[in-house]
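What follows is a set of notes on a single structure, which appears directly below.
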Amino acid sequence: DAGVIQSPRHEVTEMGQEVTLRCKPISGHNSLFWYRQTMMRGLELLIYFNNNVPIDDSGMPEDRFSAKMPNASFSTLKIQPSEPRDSAVYFCASKWANTGELFFGEGSRLTVL
Amino acid sequence: DQQVKQNSPSLSVQEGRISILNCDYTNSMFDYFLWYKKYPAEGPTFLISISSIKDKNEDGRFTVFLNKSAKHLSLHIVPSQPGDSAVYFCAARRSGSEKLVFGKGTKLTVNP
């Protein structure tokens with residue numbers, strides 16, 4: 001049974017470039033979350049969706065960040081333009097709504113030079 | 001404002017001994033708590049959880065204790081094994097919310 005699938009696993013880009021991170025949740029899960037992990041702030045929630053609808057995006061740092069979920073099996077997190085302070089590991093996670101356990105992908109490590 | 005705090009960035013124990021990882025929270029509306037384990041280059045994986053209606057939950061070598069009055073929970077691992085070496089995250093969720101709020105993690109090292 002496939003888990004949450006994220007791509008790319010590693011991304012190195014230059015400041016000002018657009019970055020798109022992708023996520024395929026576990027089939028049947030109807031809640032999807034984007035988290036960012038940094039040394040300073042730990043794991044922080046950026047945005048989450050229920051049934052493909054964004055519910056809470058209060059954790060999105062600024063307008064340079066956007067997330068979409070066009071269907072139940074795909075989501076993207078876009079950063080445009082990227083900045084060095086965006087360097088972090090970005091995790092996607094999914095679950096059935098109203099259950100406690102989140103299933104995480106392996107993460108996308110982003111380095112912005 | 002850190003609502004979930006893990007004040008020990010690291011912990012080192014000997015194989016076979018008990019590991020105790022601590023977590024404090026500030027939001028009294030949290031009613032469900034989880035522990036996640038993370039190996040390098042992997043995503044966090046669920047370990048054990050506890051609802052606020054309980055004060056203890058046990059699963060094999062892992063036990064989570066919840067002290068609501070102190071807003072404190074702890075994870076006990078007995079006996080500790082070298083394979084338990086990982087970063088452990090405490091997380092909490094408020095009633096009616098889907099958001100999990102995580103602590104910054106504690107890196108556990110179990111020495112053979």
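So the values come out like this:
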| quantity | calculated |
| --- | --- |
| Exercise: per-residue mean of other protein chain Cβ atoms within 10 Å, A:100-107 | 6 |
| Rg followed by Dmax, in Å, when the protein assembly as shown is reduced to its Cα trace | 17.6, 51 |
| Computed Rg/Rh of chain B, alpha carbon atoms with Kirkwood Rh | 0.95 |
| Segment A:1-70: trypsin sites (Lys or Arg not before Pro) in DSSP loop, at most 13 other beta carbons within 10 Å | A:Arg9, A:Arg41 |
| Shape metrics for segment A:17-113, restricted to C-alpha atoms - Rg then Dmax, Å | 12.7, 40 |
| Overall Cα dimensions of segment B:1-48, principal axis frame, Å, largest first | 37, 23, 20 |
| Relative contact order of chain A, pairs being alpha-carbon contacts under 8 Å that are 6 or more residues apart, as % | 37 |
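Values quoted throughout were computed directly from the atomic coordinates according to the rules given, and no laboratory measurement underlies them. Because the structure is a prediction, the values reported are computed rather than measured. Note that we place each Cβ from the backbone using ideal geometry, even for glycine, and neighbour counts take in every protein chain shown.
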